[in-house]
1. Taking the stretch 205-261, which residues are of a type in the set (A, V, I, L, M) and assigned to a helix (DSSP H, G or I)?
2. Collect the residues in the stretch 39-98 that are closer than 21 Å to Cys279 by Cα, part of a helix (DSSP H, G or I) and either in contact (Cβ under 8 Å) with a residue 60 or more places away in the chain or among the small types (Gly, Ala, Ser) (or both), keeping them in residue-number order.
3. Condition first: out of contact with any strand residue (DSSP E or B) (no Cβ under 7 Å at 6 or more places or on another chain) and of a type outside the set (S, T, N, Q). Now tell me which residues in the stretch 232-259 satisfy that.
4. When only residues in the stretch 99-150 that are of a type in the set (Val, Ile, Thr) and part of a loop (DSSP other than H, G, I, E, B) count, which is surrounded by the fewest Cβ atoms within 10 Å (Cβ to Cβ)?
5. Scan the stretch 153-169 residue by residue and report those that are closer than 17 Å to Val75 by Cα and in a loop (DSSP other than H, G, I, E, B).
6. Could you please give the count of residues in the stretch 1-35 that are surrounded by fewer than 24 Cβ atoms within 10 Å (Cβ to Cβ), of a type in the set (A, V, I, L, M), touching a Leu at 6+ places or on another chain (Cβ under 9 Å) and closer than 17 Å to Ile272 by Cα?
7. Would you check if there is a residue in the stretch 3-18 being assigned to a loop (DSSP other than H, G, I, E, B) and free of Cβ contacts under 8 Å to residues at least 40 places away in the same chain?
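The values are calculated or read from the model by the stated rules, or taken from the named source; none is laboratory data. Computed from a prediction, not measured in an experiment: that's the story for all the values here. Using ideal geometry, Cβ is built from the backbone for each residue, glycine included, and neighbour counts are taken over all protein chains shown.
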Amino acid sequence: MNTKVDLHTHTTASDGTLTPAELVELALEYDLRLLAITDHDSTEGVADAIKRADGTSIEVWPGVEISTDVPQAEVHMLGYFVDVGNPEFQEILSRCRDSRVWRAQQMVAKLGALGMSLTFERVRQIAGTGSIGRPHVAQALVEKGYVSSIKEAFDRYLNRNGPAYVERFKLSPVEAVQLIRKAGGMPVLAHPTYINPGEGSGFDLSSFVHELTQAGLVGIECHYGDYTPETIRQLLKIAREFDLIPTGGSDFHGRGIHSADLGAPIVPEESIERMRAWCAAQRM
């Protein structure tokens with residue numbers, strides 16, 4: 001059996017470079033059998049991906065990645081099997097997307113004050129129909145020659161401590177877990193080692209995961225992009241401690257973007273079966 005899957009991918013519905021149909025086509029080229037569409041604060045790409053996959057060898061799962069906030073750090077929450085037609089769910093996602101537009105405008109203004117002349121209209125053009133994000137601002141900086149790469153744009157200006165960073169509306173991690181559950185979905189903590197409040201914050205991942213589990217967390221992303229074997233072992237230990245499903249994915253945004261290649265992280269078959277079983281139990 002082909003075991004290649006990818007449970008963390010992005011399309012032009014947020015800040016990916018491929019349309020949902022193009023992403024499915026690439027997944028077919030890579031011989032994936034399962035693909036989850038997890039755009040930032042948007043499920044707009046799900047229907048097109050499912051339509052393109054119809055009649056092929058690949059299965060598409062509906063998903064989302066919601067940005068949340070803790071003091072001095074971001075936390076991303078993945079949601080699988082969500083009801084994309086849930087009105088309350090879509091209302092909150094819409095509010096998140098609207099705040100992205102406002103933030104992009106403010107970032108353009110900050111960059112202008114730093115001597116880098118960009119237009120919000122160009123950032124919106126780069127985003128196309130997708131949810132505007134920092135990568136689109138970064139691409140505009142690259143176009144104007146202010147930086148040589150998207151990575152440099154983030155490292156110098158757009159990271160959380162960068163001079164052009166702007167906060168936006170975000171849910172708390174617990175609120176995101178609860179929102180996903182209300183929409184019939186499975187909440188999974190994304191790339192947990194990327195949560196970095198800084199020295200002296202007292203942040204403890206195990207305690208944090210325990211809090212989220214109490215709120216309804218079901219999984220934790222253990223097999224991710226550039227994770228080392230040691231990191232994976234540490235996260236699998238946390239998953240066992242709290243009886244969470246260890247999931248995984250590439251966080252694919254497109255070829256040449258700073259992420260692992262599509263389908264690169266190996267997700268154990270047992271994890272896929274546990275996710276299917278959980279979904280089936282919720283539908284009973």
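1. Matches in the stretch 205-261: Leu205, Val209, Leu212, Ala215, Ile232, Leu235, Leu236, Ile238, Ala239.
2. Matches in the stretch 39-98: Ala47, Ala49, Ala53, Glu88, Phe89.
3. So in the stretch 232-259, the residues out of contact with any strand residue (DSSP E or B) (no Cβ under 7 Å at 6 or more places or on another chain) come out as 233-234, 237, 240-243, 253-258.
Correct list: Arg233, Lys237, Arg240, Glu241, Phe242, Asp243, His253, Gly254, Arg255, Gly256, Ile257, His258.
4. Kept after step one, since they are of a type in the set (Val, Ile, Thr), are these residues of the stretch 99-150: 101, 108, 119, 123, 126, 129, 132, 137, 142, 147, 150.
When the remaining residues are screened for being part of a loop (DSSP other than H, G, I, E, B), the result is 119, 129, 132, 147.
On the way: Thr119: 12, Thr129: 10, Ile132: 26, Val147: 20.
Here the residue is Thr129.
5. Matches in the stretch 153-169: Asn159, Arg160, Asn161, Tyr165, Val166, Glu167, Arg168, Phe169.
6. Here the count works out to 2.
7. If we filter the stretch 3-18 for residues that are assigned to a loop (DSSP other than H, G, I, E, B), which is where we start, we get 3-4, 10-18.
Still in the running and free of Cβ contacts under 8 Å to residues at least 40 places away in the same chain: none.
The answer is no; no qualifying residue exists.
Rundown of residues vs (1) under 23 Å from Val64 (Cα atoms); (2) more than 22 Å from the chain's Cα centre (by Cα); (3) without any contact (Cβ under 8 Å) to a residue 40 or more places away in the chain, yes/no style:
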residue	(1), (2), (3)
Lys110	no, yes, no
Ser117	no, yes, yes
Arg122	no, yes, yes
Pro173	yes, no, no
Met186	yes, no, no
Ser201	no, yes, no
